Amino acid sequence: MATWPGTLPQAPERSSFKETQKDGRLRTSMDQGPDKMRRRFTAVPKLLSCSFLMTAAQLQTFETFYDTTIVGGSDSFDWTHPRLGTTISCRFVQVPTFVPVGLYWRVSAEIEVLP
């Protein structure tokens with residue numbers, strides 16, 4: 001499995017980091033009384049919203065990693081979880097965006113932590 005490149009920032013910008021868990025429940029409406037709810041999945045993926053500040057050279061490395069190594073974002077990769085510090089398997093949910101910030105680039109991405 002591919003690994004997040006060591007030459008890229010290893011942790012996202014703290015102010016941009018957001019972690020949410022997908023809903024693994026199933027809610028069923030009843031004719032009478034309260035709705036019933038049960039667990040739909042035992043392993044629910046989490047979503048990480050992240051932004052990284054990169055130099056032009058790091059952006060080129062990121063693009064090579066995304067386009068070639070993980071085949072346009074379709075393959076999963078190993079990365080260190082920014083909050084927990086453990087190795088996780090994850091993949092990009094959407095295509096990352098690049099925004100210029102002075103001499104740097106802000107790379108924003110939604111990353112799905114695989115169960």
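A quick yes/no check of all residues on (1) over 17 Å from the mean Cα position of the chain (by Cα); (2) buried (at least 17 other Cβ atoms within 10 Å of the Cβ); (3) without any contact (Cβ under 8 Å) to a residue 12 or more places away in the chain:
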{"residue": "G33", "(1), (2), (3)": "yes, no, yes"}
{"residue": "A43", "(1), (2), (3)": "no, no, no"}
{"residue": "E63", "(1), (2), (3)": "no, no, yes"}
{"residue": "L84", "(1), (2), (3)": "no, no, yes"}
{"residue": "S89", "(1), (2), (3)": "no, no, no"}
{"residue": "F92", "(1), (2), (3)": "no, yes, no"}
{"residue": "V95", "(1), (2), (3)": "no, no, no"}
Problem set entry | Candidate set: region 65-82, residues that are under 23 Å from T20 (Cβ atoms) and either of a type in the set (G, A, S) or in contact with an Asp or Glu (Cβ under 8 Å, 6 or more places away or on another chain) (or both); chosen: the one most open to solvent (accessible area, probe 1.4 Å) | S74
Problem set entry | Condition check for F41: modelled with pLDDT of 95 or more and not charged (D, E, K, R) | no
For this session: Starting from residues that are open to solvent by 90 Å² or more (accessible area, probe 1.4 Å) and either small (G, A, S) or touching a Pro at 6+ places or on another chain (Cβ under 9 Å) (or both), keep the ones in region 11-23 and report whichever is modelled with the lowest pLDDT.
Result: Q21
Exercise. Which residue pairs have Cβ atoms closer than 9 Å, lie 6 or more positions apart in sequence or on different chains, and pair a first residue in region 104-115 that is modelled with pLDDT of 95 or more and assigned to a strand (DSSP E or B) with a second residue that is open to solvent by 50 Å² or more (accessible area, probe 1.4 Å) and of a type in the set (G, A, S)?
Worked result: Y104/A56; W105/A56
For this session: Check whether at least one residue in region 83-97 is outside any loop (DSSP other than H, G, I, E, B) and more than 18 Å from M1 (Cβ to Cβ), and report yes or no.
Result: yes
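The values are calculated or read from the model by the stated rules, or taken from the named source; none is laboratory data. The model shown is predicted, which means the values in this text are computed figures rather than measured ones. FYI the Cβ positions are ideal-geometry reconstructions off the backbone, even for glycines, and counts take in every protein chain you see. What goes into the accessible areas is simple: the full protein's heavy atoms, side chains included, and nothing from ligands, DNA or RNA. Shrake-Rupley method; radii C 1.70, N 1.55, O 1.52, S 1.80 Å.
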